[in-house]
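The values are calculated or read from the model by the stated rules, or taken from the named source; none is laboratory data. If you're wondering where the values come from, they're calculated on a predicted model, not measured in any experiment. Ideal geometry is used to build each Cβ from the backbone, glycine not excepted, and the neighbour counts take in all protein chains shown.
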Amino acid sequence: MSLLSRPGAVVADPPDTGVAAHYGDPYAEQRALAAGEALVDLSHRPVVRIAGPDRLTWLHSLLSQHLTALQAGVPTQALVLSPQGHVEHHLQLVDDGTQVLAHVEPGTADTLIDFLRKMQFMLRVEVSDVSDEWAVVADPVARLVPRSFLIAYEGPVAGVMAYEALRVERREPRLGLDTDHRTIPHEVGWLSTAVHLDKGCYRGQETVARVHNLGRPPRRLVLLHLDGSDSELPAAGDAVQLEGRDVGRVGTAVRHHELGPLALALVKRQVPDAASLLAGTGAASIDPEPAFELPVSPARQAASAREGLLRRPR
């Protein structure tokens, strides 16, 4: 059950097939959603359930987030990383006291469940897909509701295009659109939202610690202002170029009701904020406000202090 039966609903393109892109007036829907006066149907996002008395300590050992003391009803984010520290899954999860419910990107639930079940061993946990029981909605913050909520809901609605436009404005990355197979958490801001830097060992932790201590991730997520004269937005994966050289890739591109055409992009760390870029075939410029602030490691703090002492005038 989704809200596609509403009058004017237009089906969204992949990866958001199954919900409405808009209901006839995307800009008005953006304004209503930004004001908290509309609801977005995100019920195409799969929901994975992890139950059992060992669920939090078990997930704590596998994921990038500190979960052993997670309070019931408090949402958080976590990552599954490869042994090399690359992001494989992004989970938005909440524990209700008896189970953890995590919603993930369309098309990723099966591989996530397969990974988790392989790591079960003899622990008291159960992993299942409960997308037929739970649904994701946003107003504008994403949250989980019983799927029956969508059947009863009769209030104002906004399409996923409105949600995506506000997400891009907030500079929040989305797995598979704003990331690729080489993405590490530091590059896209997940170090501050989905990674706990003081927890114990988990897969990929060595890369997280090493890059955090060096303070130099190879790429960074930026917000691009796009040339509004181009009728077509760049597609996810299109090249970002500087003086004819590829320096990054476009992620999510949107039309914002106030800011005009925008896109998130992963670019090389050395690309200056003032650079004149091409995103796809259109001109683009970087919004100079940083997408996020990287936490400063104790090692970097000590190095900065030493550099300060060495450079202090006599």
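A compact table of results
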{"quantity": "Matching residues in region 261-272 - criterion: being assigned to a strand (DSSP E or B) and either of a type in the set (A, V, I, L, M) or at pLDDT below 95 (or both)", "calculated": "LEU262, ALA263, LEU264, ALA265, LEU266, VAL267"}
{"quantity": "Criterion (in contact with a helix residue (DSSP H, G or I) (Cβ under 9 Å, 6 or more places away or on another chain) and farther than 21 Å from LEU81 by Cα) met by exactly one of ARG255, ARG245", "calculated": "ARG255"}
{"quantity": "Residues located in region 132-167, provided they are farther than 17 Å from ASP96 by Cβ, in a loop (DSSP other than H, G, I, E, B) and over 19 Å from the mean Cα position of the chain (by Cα)", "calculated": "ASP132, TYR153, GLU154, GLY155, PRO156"}
{"quantity": "Filter result (in a helix (DSSP H, G or I) and either surrounded by 15 or more Cβ atoms within 10 Å (Cβ to Cβ) or in contact with a Cys (Cβ under 9 Å, 6 or more places away or on another chain) (or both)) within region 186-203", "calculated": "HIS186, GLU187, VAL188, TRP190, LEU191, THR193"}
{"quantity": "Only one of ARG49, ARG55 that is crowded, with 21+ Cβ neighbours inside 10 Å, basic (Lys, Arg), outside the structural domain of GLY159 (by TED's automatic domain parsing) and touching a strand residue (DSSP E or B) at 6+ places or on another chain (Cβ under 6 Å)", "calculated": "ARG55"}
{"quantity": "Residues satisfying the stated conditions in region 2-17, i.e. surrounded by 14 or more Cβ atoms within 10 Å (Cβ to Cβ) and either touching a Lys or Arg at 6+ places or on another chain (Cβ under 9 Å) or within 18 Å of THR252 (Cβ to Cβ) (or both)", "calculated": "ALA12, PRO15, ASP16"}
{"quantity": "ASP180, sole failed condition from (1) under 24 Å from VAL94 (Cβ atoms); (2) among the charged types (D, E, K, R); (3) modelled with pLDDT of 95 or more", "calculated": "(1)"}
{"quantity": "The lone exception for GLU232 - which of (1) closer than 30 Å to ASP13 by Cβ; (2) of a type outside the set (Gly, Ala, Ser); (3) modelled with pLDDT under 95; (4) surrounded by 14 or more Cβ atoms within 10 Å (Cβ to Cβ) it fails", "calculated": "(4)"}
{"quantity": "Residues within region 142-185 that are under 30 Å from HIS212 (Cβ atoms) and not charged (D, E, K, R), tallied", "calculated": "12"}
{"quantity": "Filtered residue count, region 233-247, keeping only those that are in contact (Cβ under 8 Å) with a residue 24 or more places away in the chain and over 18 Å from the mean Cα position of the chain (by Cα)", "calculated": "8"}
